[in-house]
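Read through the structure below, which is laid out as structure tokens, and then see the notes.
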Amino acid sequence: MAACLAGGLTIAWEPRLAPPGTGAPGGAGARAPGGAAPEADASRDAASQADEPGAGATHARLVKVPVPATLRAVVCVPPVPLATEAARQALPPAVPLADAAANAARSALLIAALTSAPQMLFEATEDFLHQPYRAAIMPQTAALLGALRRAGAAAVVSGAGPTVLVLSFDGQGPSAEAVDSIARETGISWHVTPLHIDQQGAHVQQGGAGVHPPVSARREPSLDRVQGPGAGRTGGSWRDRTGFPREQTAVEGMPCPLLVLS
């Protein structure tokens, strides 16, 4: 949800601080060596920590990291869905330490790739924690993922799957049309859609029912679309099954709908 709220690239985490009075190191109420912390001191410590960013917080937090405007995304949605619960059940209760360490390194590398070292994007999108274990329950996704990465695309399973996400920068990696071509070669009716990166995130629009907020790049590729007047590969408008209008643009010659939220 963090990326939906803030837009762009976000890093989210949940602080795991000791509750006040537990005596845990760093927590409010921690006892000094050889003596008991006075009740007044504990209260004062808790009050001072409450003013510090993140101190004593139990809710999730996020930080937004700027990304270049040249970052591109293409999603490949298969015709058959897969329940997230089923995808979660495919994961083992524990993973090898080497795999966990490798993924931690890739996570750090991915931040560098998305912000300042785009040439590292392919290596940064390697995964050892969930994609190998889920391949058996989403073989079509695994096959497309393998084909894309063999072609040099920084492709990953999007979330729990079965959608495949391809990231690239302008002038690097396969184009959206090349991704579409690779997807067609699998013999599966993949819904391939290039997307813009939404840098704004959620916003509140003041006004009446007839006032529309700025166009957002968020959309649900799985929604049924009915072509509106003037729509096509180069422009026009779309309406989803809810009747809401969509703006239509193009990325690398392929249609790229933008959802208008109100």
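Rounded to the nearest 0.05, the FRET efficiency derived from the C-beta distance between E85 and A202 at R0 = 41 Å is 0.95. Charge tally around V156: other residues with Cβ under 13 Å, Lys/Arg +1 each, Asp/Glu -1 each, net 0. Under 18 Å from a label point set 7 Å out along the Cα-to-Cβ vector of A69, the amide N atoms of segment 111-129 belong to 115-116.
At an R0 of 41 angstrom, the distance between the Cβ atoms of W13 and E177 translates into a FRET efficiency of 0.65.
What the phi angles of segment 150-163 give under the Karplus curve with 6.51, -1.76 and 1.60, with θ = phi - 60°, is a coupling list of 5, 8, x, 7, 7, 9, 9, 6, 7, x, 8, x, x, 5 Hz, glycine and proline written as x.
One decimal place: the segment I188-F128 gains 19.0 nm when fully extended, by the rule 0.36 nm per residue minus the C-alpha distance. Remark: spin-label model distance I111-L62 equals 1.6 nm, labels positioned 7 Å along the Cα→Cβ axis. A 1.4 Å probe, protein heavy atoms only, puts the accessible area of E85 near 110 Å².
The values are calculated or read from the model by the stated rules, or taken from the named source; none is laboratory data. Please read all numbers here as calculations on a predicted model, not as lab measurements. Quick reminder, even Gly has a Cβ in these numbers, built from the backbone with ideal geometry, and neighbours come from all protein chains shown. Accessible surface areas use protein heavy atoms only, side chains included; no ligands, DNA or RNA. Shrake-Rupley method; radii C 1.70, N 1.55, O 1.52, S 1.80 Å.
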